[in-house]
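Here is the structure we will look at, set down as structure tokens.
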Amino acid sequence: MKVTVVGAGAVGASCAEYIAIKNFASEVVLVDIKEGFAEGKAMDLMQTASLNGFDTKITGVTGDYSKTAGSDICVITSGIPRKPGMTREELIGINAGIVKSVSSSLIEQSPNTIIIVVSNPMDTMTYLVHKTTGLPKNRIIGMGGALDSARFKYRLAEALGAPISDVDGMVIGGHSDKGMVPLTRLATRNSVPVTEFISEERLNEVKEATKVGGATLTGLLGTSAWYAPGAAVSGLVQAIACDQKKIFPCSTLLDGEYGLSDLCIGVPVVLGRNGIESIVDITLNDAEKEHMQASAEGVRATNGLLEL
Ligand SMILES: NC(=O)c1ccc[n+]([C@@H]2O[C@H](COP(=O)([O-])OP(=O)(O)OC[C@H]3O[C@@H](n4cnc5c(N)ncnc54)[C@H](O)[C@@H]3O)[C@@H](O)[C@H]2O)c1
């Protein structure tokens, strides 16, 4: 199993590290545009192999896509992250050009690959990869909901005073502060609806804290977060590589599901060796449907800024 990660920055390197530590891939190739950067990150990570006990071979290259040839999975993290006070949508000008050229270079070398898009604004970048590569829709996956759901579970556990392993919950919709739809109605603590334990008011606080989860960290760190994003990407890569058939909310091209078409937005999907094996079209209540529609309008507005 060969995995390429483009962008050896904070998220790319963290993602490569988690993939290696989980020890399911034979090879990870890090690619960056900054001379020597990916090579340096790869060497540093390889020097953790004997300490962390993994056999995955990590190499780094500066812009040489021939080294990525035959990748089973490619992850795109290249691009600029947001600074405090910025929205993800404001990154489109620079990141669209980067994502377009990177995705073309990747499929030239690995025509059968599955692409995971991380660069922001992620839903729009996922749509752009569709328009650029023309790959079948099961092979283009946007990572956002897996991270947002992990942040939701963190906030739920905090509110419940429960261990995170006891908590389940999912965030669908666009990967933006306004677009996220945390499904509080379906969140559980060990199969018991969380509303049995906390008030509607507290649950709303959880919802709002989840939606600004990324912005809160950007304010604290001065740049966007990397541990949880890297771990979330590694979870998607593992589900595909190991054919786990796990459900994650991912951004995918919709064709009528959730009453939406011709846009990529976060919905639950089953991930396995073919990438997106199926879309899980769950029944939403009226408020959730309304929120999902508004979220889709936000994504469409950002898509409208693309020069296609
Ligand atoms: N989808 C999500 O949930 C999520 C979460 C966190 C971050 N992000 C996004 O991921 C992206 C990366 O964030 P980061 O914190 O790792 O940023 P970073 O600045 O640490 O790393 C980005 C790397 O991309 C490289 N790069 C730029 N142009 C390139 C090109 N053409 N080819 C190859 N490499 C190139 C840069 O040299 C840099 O090393 C940002 O757009 C950020 O907003 C998304």
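The values are calculated or read from the model by the stated rules, or taken from the named source; none is laboratory data. Given the structure is predicted, the values throughout are model-derived calculations rather than measurements. No Cβ is skipped: glycine too gets one built from the backbone with ideal geometry, and neighbour counts run over all protein chains shown. Only protein heavy atoms, including side chains, enter the accessible area calculation; ligands, DNA and RNA are left aside. Shrake-Rupley method; radii C 1.70, N 1.55, O 1.52, S 1.80 Å.
Tabulated values for the structure
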{"read-out": "Test: ALA157 is more than 12 Å from the ligand (Cβ to nearest atom) and either of a type in the set (Ser, Thr, Tyr) or without any contact (Cβ under 8 Å) to a residue 24 or more places away in the chain (or both)", "value": "yes"}
{"read-out": "Residue match in segment 83-96 (condition: open to solvent by less than 40 Å² (accessible area, probe 1.4 Å), away from the ligand (no atom under 15 Å from the Cβ) and in contact with a Leu (Cβ under 9 Å, 6 or more places away or on another chain))", "value": "no"}
{"read-out": "Segment 97-118: number of residues that are within 12 Å of the ligand (Cβ to nearest atom), in contact with a Ser or Thr (Cβ under 6 Å, 6 or more places away or on another chain) and touching a residue at least 60 places away in the same chain (Cβ under 8 Å)", "value": "3"}
{"read-out": "Residue in segment 121-143 that is in contact with a helix residue (DSSP H, G or I) (Cβ under 7 Å, 6 or more places away or on another chain), within 16 Å of the ligand (Cβ to nearest atom), assigned to a loop (DSSP other than H, G, I, E, B) and not charged (D, E, K, R) present", "value": "yes"}
{"read-out": "Among residues of segment 80-116, those that are assigned to a loop (DSSP other than H, G, I, E, B) and within 24 Å of PRO136 (Cβ to Cβ), counted", "value": "4"}
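So that you can scan it fast, the table gives a plain yes or no per residue for (1) open to solvent by less than 10 Å² (accessible area, probe 1.4 Å); (2) touching a Pro at 6+ places or on another chain (Cβ under 6 Å); (3) within 17 Å of GLY230 (Cα to Cα); (4) not β-branched (Val, Ile, Thr):
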| position | (1), (2), (3), (4) |
| --- | --- |
| ASN120 | no, no, yes, yes |
| THR133 | no, no, no, no |
| ASN138 | no, no, no, yes |
| TYR154 | no, no, yes, yes |
| LEU160 | no, no, no, yes |
| ASP166 | no, no, no, yes |
| HIS175 | no, no, yes, yes |
